[in-house]
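Data block below; observations after.
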Amino acid sequence: MAKVYFYYAAMNAGKSTVLLQSSYNYRERGMRTLLFAPLIDTRYGAARIESRIGLRSSAISFGPSDNLLNRVRTEHESNALACVLVDEAQFLAGEQVWQLTDVADQLNIPVLCYGLRTDFQGKLFPGSGALLALADEIVELKAICHCGRKATMNLRLDADGRAAREGAQVEIGGNDRYVAMCRRHFKEAIAATGSSPTHSPFPRTKPS
Ligand SMILES: [Zn+2]
């Protein structure tokens, strides 16, 4: 049976690069792939996946209400697909992750999803939570903190370059506003912004 894979990492681990290389490996052997990218990611214009090292490919954009199983089935019936790849998979709706498991289970097409595990507050994205729950294979891609340790957290910087503690989970436009960090340095950066009196996502222990 085909499997659903979730390749997760912090920012700037090279997820899009790995996605595009994987797609290339299929196409090099004459096999057809289908690439999805969320509408929300408009960094490179609609329906395009681009990696920081310059690889790029067109993709099918998806919104939160699109049925991905139906879309894949239609494409597969017109021209057989060997693999489906999803960039920024943290933006999938939970229902869409179930649809992608149907792509694997009903259509027998492997699905490779690439995305962030958590947001700037250390909370799971809905799509990532569903993928962690449902994927057959879960693989971590490594990003590196400035200290050399593995980076697992995504620090968001505000307009003044300070660590953001609150805000919407998704803010468009600004890969450069995120810094991948190890958990220790993430917490230190958050602590350095000072305590927030109301509903802070980062409860701090009182100094003893
Ligand atoms: Zn560190």
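The values are calculated or read from the model by the stated rules, or taken from the named source; none is laboratory data. Since the structure is predicted, the reported quantities are computational estimates derived from the model, not experimental observations. Cβ sites come from the backbone with ideal geometry, for glycine too, and all protein chains shown count toward neighbours. Please note that ligands, DNA and RNA were not included when accessible areas were found on the heavy atoms of the full protein model with its side chains. Shrake-Rupley method; radii C 1.70, N 1.55, O 1.52, S 1.80 Å.
Here are some notes:
- Gain on full stretching of the segment that runs from GLU75 to CYS147 - 0.36 nm per residue minus C-alpha separation: 21.4 nm
- Expressed as a whole percent, the accessible surface of segment 4-142 that belongs to carbon and sulfur atoms is 48, based on a 1.4 Å probe.
- Computed over the chain, relative contact order equals 26 percent, with contacts defined as Cα pairs under 8 Å that lie 6+ residues apart.
- Residue range of the chain that is longest and free of GluC sites (Glu not before Pro) which are both DSSP loop and sparsely packed (at most 16 other C-beta within 10 Å): 1-165
- Only helical runs count toward this figure. For the chain, summing -39,500 (n - 2.57) over DSSP H runs of n ≥ 4 and dividing by all residues gives -8000 deg cm²/dmol at 222 nm.
- Accessible solvent surface per residue of the chain, calculated while the other protein chains remain in place, 1.4 angstrom probe, Å²: 51
- Estimated FRET transfer efficiency when R0 is 35 angstrom, pair ARG32-VAL170 (beta carbons, to 0.05): 0.70
- Under the convention that each Lys and Arg Cβ holds +1 and each Asp and Glu Cβ holds -1, the size of the dipole of the chain around its Cα centre is about 840 debye.
- Computed over the chain, the ratio Rg/Rh where both radii use C-alpha atoms and Rh is Kirkwood: 1.01
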